[in-house]
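One structure is given here, and the rest of the page talks about it.
The values are calculated or read from the model by the stated rules, or taken from the named source; none is laboratory data. In this text, all values refer to a predicted model and were calculated from it rather than measured experimentally. When we count neighbours, we look across all protein chains shown, and the Cβ atoms used for this are built from the backbone with ideal geometry, even at glycine. With ligands, DNA and RNA removed, areas are computed over all heavy atoms of the protein, side chains included. Shrake-Rupley method; radii C 1.70, N 1.55, O 1.52, S 1.80 Å.
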Amino acid sequence: MLSIPEASSRPGFWMGLTLLESDVPRIVAQAVQLAEIPSPTGLEEARAQSVRELLEEALGMARIDQAGNVASVLAGAKGRPGTVVLAPLDSWYESIDHPHIQVRPDRLTGPGIAGQSIALAVLVALARTLRERPVQGLGDIWFVATVGSEMSGDLRGICHLFPWLPTVAERVICLQGPGLGRLDHWSVGTYRGELAIWAPGGHCWRDSGRPNALRLAMEFSAQMEAIHKPGFPRTLYNPAQLESGDAWNTLPSKAVLRFELRSDGEEELQRLIREAQRAAGSLCKGLSGCRAELSQKGFRHATGLYPDHPLVMGTREAQSWAGLVPRLGASSSDASVCLHYGVASVTIGLASVVGLETHMESLYLDSLPVGLRQAYAVLVQVAGRNTPHDT
Amino acid sequence: MTPEAWLFRNSFLPSRDAASRLRGSEVRIGLCLLARNAAVTLGRHLLLLRHGWPGGTAPWSEIIVADLGSTDTTSEIGREHGATVLEPGDRLAASLDPAADGDGLARALRETESDILLVLPASLIRLDVAGIATMVRVLLDDPNIKLCLGASEIDGGPLSALGTRPVLSALHPDLALVIDPTTPILALRTSAIRDLPLALAGGYESALVVDCCAANGLDSLAQVRLAPLEWEIQDPRLEPGRAFRTMVALLESLKRAGRISTSRELCHLLPRPMDWGESGPRLVTGLEVFPWNRN
């Protein structure tokens, strides 16, 4: 990985940066346009089509794969290792038909603008910039917009890229909208479970002795809450959703509890999963007509790069050079899959954001130029490296 | 040209590549946004129309924001985005009514140096870029076309369907095939439209259609189907009084075109101050156009 002095002395670096910085209005406009295309997880086709058109316009060719990911490549110098830049296609919301983004002089406000759309627009802008103002000595750069990056998608887009991805690139940069200065080098281990409980049901007065599916689900949740969770590695249990009940006076015959276990440490995560399985297994013991089933709805390993990894150190250098204060952290994103498969990847944020994943999600425009500068520098550093596994 | 031939030749659907085909045109294409208290939507439109245009290069030689008496930051937002902002004239001070769409267009037509002007209301939430690009493309492709209308609904919306189209069908059958004579989205050839009479009140659009047809013939008109319009608050064509002003403007234009004749004053056109009589602006006191059969 190149140092900043090495990267910035490559012919074309400053010309490209100047072009990128002058392109901010266009990036913002494209982010607004993309944000206004509804793209809930599993229904990303329309936004994928728009991104494909933008990437095609920028690089001449782009394609949508079987999973729905949009991919395009900027061919680089022969013999140089490849790099992949990722941005998520899907939005956190599921039920907005016509999202609308408000444009104010200082900020953009609306669902999905800061979470995904700005990352997609920056992905396209980086491709356009490096095509129009090439930096000498870069390897192939793949620009990929992935589907299924939100909870219900379970990273199916990035998973589809394996085992192809390691054959073209050993370094991955994930772009995310929120978190200027954010440098996520660790994948938060995540287990998404769904506990379904069936009970005989009945009338609450007449059949009051019978098991209650809702009460059993709450018992399970209470057991999980009671388990010790260390602060380091940070570990938590989050009951996310509970569905149950038919009427005021009935005993619920079914309850579905969806929950998440998270930990920075793989061992802690595995311990919690075993505890959840044990609690689910013993929940209905001795209760006639009751059954509990725990199923896994998503899983990401707790793994990552150590802070002295060249990719992490190089990204920190680029962030400092751009005027940011790097904040090392962990997250659960497309990078999780890459890290799990041994492909070094980092996730960086592009702008200052408030109200993330609400209808008033806002992105502050004055933070965007420095986010762009950082992304551009990191990309040149990584794509300009001489060997696949640099030190 | 028969109405059927006109419908076949001069009615268009949006073309996806129209936006990129506008680039490189030697004809000067201007954009005019009619804005009243549109601070919420104006910045967005200017951003997307300047920087979000497909292909990256917007075709506008100038961008005009005709302010219709805003009390918010509409003018400032327009200037921040590099648009020429036309403030409402002195008429405002003498009239209780704010400046209306027709007045804004008249000011824009006086100021513009463009050959083609695309007129949009800034209070729209979303713009159908392919549709409006097709409207401009239609004028570029056929020099005979002077006015292109954007039709957003199959029946043109309530004011067109229930007001202007029945009147046009009865009194100007050639124009019965115009889907949406009251559309606020227009692309016009400035040299041809500048000299036409223009109702300064809101609801000038259908009268402009009649006047353009009278001056240049039916083949000077075209229409493009647009995506449904979404308004920030409500469709201005549904505002109280709008239907009345639209109908009076339309009847005035039909009178000019010789389609109706009456000795009575239709008296809707808000006169400019220099045209006021000694008693000030004329007031609407009644409307009698047809010899109503009271039996």
**Sole residue being buried (at least 18 other Cβ atoms within 10 Å of the Cβ), within 30 Å of A:Leu89 (Cβ to Cβ) and basic (Lys, Arg), chosen from A:Arg210, A:Arg192** = A:Arg192
**Prompt:** So which of A:Thr41, A:Thr109 ends up being in the same structural domain as A:Cys159 (by TED's automatic domain parsing), closer than 25 Å to A:Val337 by Cβ and touching a Gly at 6+ places or on another chain (Cβ under 9 Å)?
**Reply:** A:Thr41
**Asked** Is it true that A:Thr250 is of a type in the set (Val, Ile, Thr) and crowded, with 18+ Cβ neighbours inside 10 Å?
**Response** no
**Which numbered condition A:Gln223 fails, given (1) free of Cβ contacts under 8 Å to residues at least 24 places away in the same chain; (2) within 30 Å of A:Thr303 (Cα to Cα)** = (1)
**Residue check, B:Ala122 within 14 Å of chain A (Cβ to nearest Cβ) and of a type in the set (Gly, Ala, Ser)** = yes
**Message:** I'd like to know if segment A:248-259 contains one or more residues that are at pLDDT below 95, closer than 29 Å to A:Val147 by Cα and outside any strand (DSSP E or B).
**Reply:** no
**Item:** Pairs where the first residue, in segment A:90-105, is away from every other protein chain (no Cβ under 11 Å) and the second is open to solvent by 30 Å² or more (accessible area, probe 1.4 Å) and modelled with pLDDT under 85, C-beta under 6 Å, 6+ apart
**Value:** A:Asp90/A:Glu150; A:Trp92/A:Glu150; A:Trp92/A:Glu357
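Residue-by-condition table, conditions (1) within 14 Å of chain A (Cβ to nearest Cβ); (2) within 22 Å of B:Ala215 (Cα to Cα):
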| site | (1), (2) |
| --- | --- |
| B:Ala130 | yes, no |
| B:Leu140 | no, yes |
| B:Pro143 | no, yes |
| B:Leu147 | no, yes |
| B:Gly156 | no, no |
| B:Ala161 | no, no |
| B:Thr164 | no, yes |
| B:Val167 | no, yes |
| B:His172 | no, yes |
**Complete:** Note on segment A:129-167: residues crowded, with 23+ Cβ neighbours inside 10 Å and over 26 Å from A:Thr190 (Cβ atoms) are A:Thr129, A:Leu130, A:Val135, A:Leu138, A:Gly139, A:Ile141, A:Phe143
**Prompt:** Restricting the search to segment A:107-128, which residues are open to solvent by 10 Å² or more (accessible area, probe 1.4 Å) and closer than 18 Å to A:Glu21 by Cβ?
**Reply:** A:Arg128
**Complete:** The number of residues in segment B:24-63 that are within 12 Å of chain A (Cβ to nearest Cβ) and not aliphatic (A, V, I, L, M) is 12
**Message:** Condition first: within 14 Å of another protein chain (Cβ to nearest Cβ) and touching a residue at least 60 places away in the same chain (Cβ under 8 Å). Can you find one or more residues in segment A:1-16 that meet it?
**Reply:** no
